[in-house]
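Read the structure below first, then the notes.
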Amino acid sequence: MRDIIFEGDPRLRRRATKIRAVDDEVRRLAQDMFETMVAAPGVGLAAPQVGVTRRLIVAHVPASYIDESDAEFSVRLANPEIVRAQGREVDTEGCLSIPGWVGDVPRAEVITVKAVDMDNKPVKIKARGFFARVLQHEIDHLDGILYIDRVEDRETMRPAGEGDGDEADGMVASTEMDLALDPAAV
């Protein structure tokens, strides 16, 4: 288990460095991140969120998490990059590094991601809907971008509440911690 760092920590705003090769250290970090994400609870986590500025993300979306037709997705990816994006949809997002808050974020509806798996093999993933949103959110973290940077209408920033957060998109931590984040200042 690793500690998740919060908005305001400068490591969240740094561009993460490329991983030269997936080795036992990277696999251990990915496993630690996965366990941290599940315990938080969340559906995605990027290495910068645990204070490690390397290009590594983990994500796990259980089957039927949002919609009964959804399949289960679980990935551990080094050096992920979006190579194709199509469509546009706006939906509610939150973040384990900004607990207690959500906002409406536009994202591509369908994306193709190129990355390296934990066996050092190149992979290409085509994702749509919620899984595409999770991957875009986590890949943004690798470039020092938080979801609050993508919110187009600042008035959609609000405390997570009924119908938001875990129920809406699973990207918000269930926590008692309340950041002093003024939606008007975001």
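The values are calculated or read from the model by the stated rules, or taken from the named source; none is laboratory data. Computed from a predicted model, the values in this text were never measured in an experiment. Using ideal geometry, Cβ is built from the backbone for each residue, glycine included, and neighbour counts are taken over all protein chains shown.
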**Prompt:** Failed condition for GLN86, given (1) at pLDDT 95 or above; (2) closer than 26 Å to GLU25 by Cβ; (3) of a type in the set (S, T, N, Q), with all others met?
**Reply:** (2)
**Message:** Quick check on the range 120-129. Is at least one of its residues over 17 Å from ALA30 (Cβ atoms), among the hydrophobic types (A, V, I, L, M, F, W, C) and either in a loop (DSSP other than H, G, I, E, B) or under 16 Å from the mean Cα position of the chain (by Cα) (or both)?
**Reply:** yes
**Cβ pairs under 6 Å, 6+ apart, first in the range 136-163 and at positive phi, second at pLDDT 95 or above and in a helix (DSSP H, G or I)** = GLY144/ARG13
**Prompt:** Restricting attention to the range 139-157, and to residues there that are among the β-branched types (Val, Ile, Thr) and more than 15 Å from ARG14 (Cα to Cα), which single residue is farthest from the chain's Cα centre (by Cα)?
**Reply:** THR156
**Item:** Qualifying residue in the range 73-89 (condition: of a type in the set (Lys, Arg), more than 16 Å from HIS141 (Cβ to Cβ) and either in a strand (DSSP E or B) or in contact with a helix residue (DSSP H, G or I) (Cβ under 8 Å, 6 or more places away or on another chain) (or both))
**Value:** yes
**Item:** Restricting the range 1-32 to residues that are in contact (Cβ under 8 Å) with a residue 40 or more places away in the chain, of a type in the set (A, V, I, L, M) and assigned to a helix (DSSP H, G or I), the residue that is farthest from VAL116 (Cα to Cα)
**Value:** LEU12
**Asked** Say we look at the range 49-67 and pick out the residues that are farther than 16 Å from VAL113 by Cα and in a strand (DSSP E or B); which of these is modelled with the lowest pLDDT?
**Response** VAL61
**Prompt:** Which condition breaks for GLY8 when tested against (1) of a type outside the set (D, E, K, R); (2) surrounded by 14 or more Cβ atoms within 10 Å (Cβ to Cβ); (3) on the phi > 0 side of the Ramachandran plot?
**Reply:** (2)
**Request:** Return the pairs, sorted by first residue and then second, in which the second residue is of a type in the set (Val, Ile, Thr), the first residue lies in the range 93-110 and is assigned to a loop (DSSP other than H, G, I, E, B), the beta carbons are less than 6 Å apart, and the residues are 6+ apart or on different chains.
**Result:** LEU96/ILE4
**Message:** Residues that are at pLDDT 95 or above, closer than 29 Å to ARG27 by Cβ and surrounded by fewer than 15 Cβ atoms within 10 Å (Cβ to Cβ): does the range 68-83 have at least one?
**Reply:** yes
**Message:** If the requirement is being at pLDDT below 90 and acidic (Asp, Glu), which of these qualifies: GLU162, GLU138?
**Reply:** GLU162
**Item:** Where MET1 falls short, out of the listed (1) in contact with a Ser or Thr (Cβ under 6 Å, 6 or more places away or on another chain); (2) surrounded by fewer than 23 Cβ atoms within 10 Å (Cβ to Cβ); (3) at pLDDT 95 or above; (4) not polar (S, T, N, Q)
**Value:** (3)
**Asked** If you scan the range 101-119, which residues turn out to be surrounded by fewer than 19 Cβ atoms within 10 Å (Cβ to Cβ) and either over 30 Å from ARG28 (Cβ atoms) or of a type outside the set (A, V, I, L, M, F, W, C) (or both)?
**Response** ASP104, PRO106, GLU109, VAL110, THR112, LYS114, ASP117, ASP119
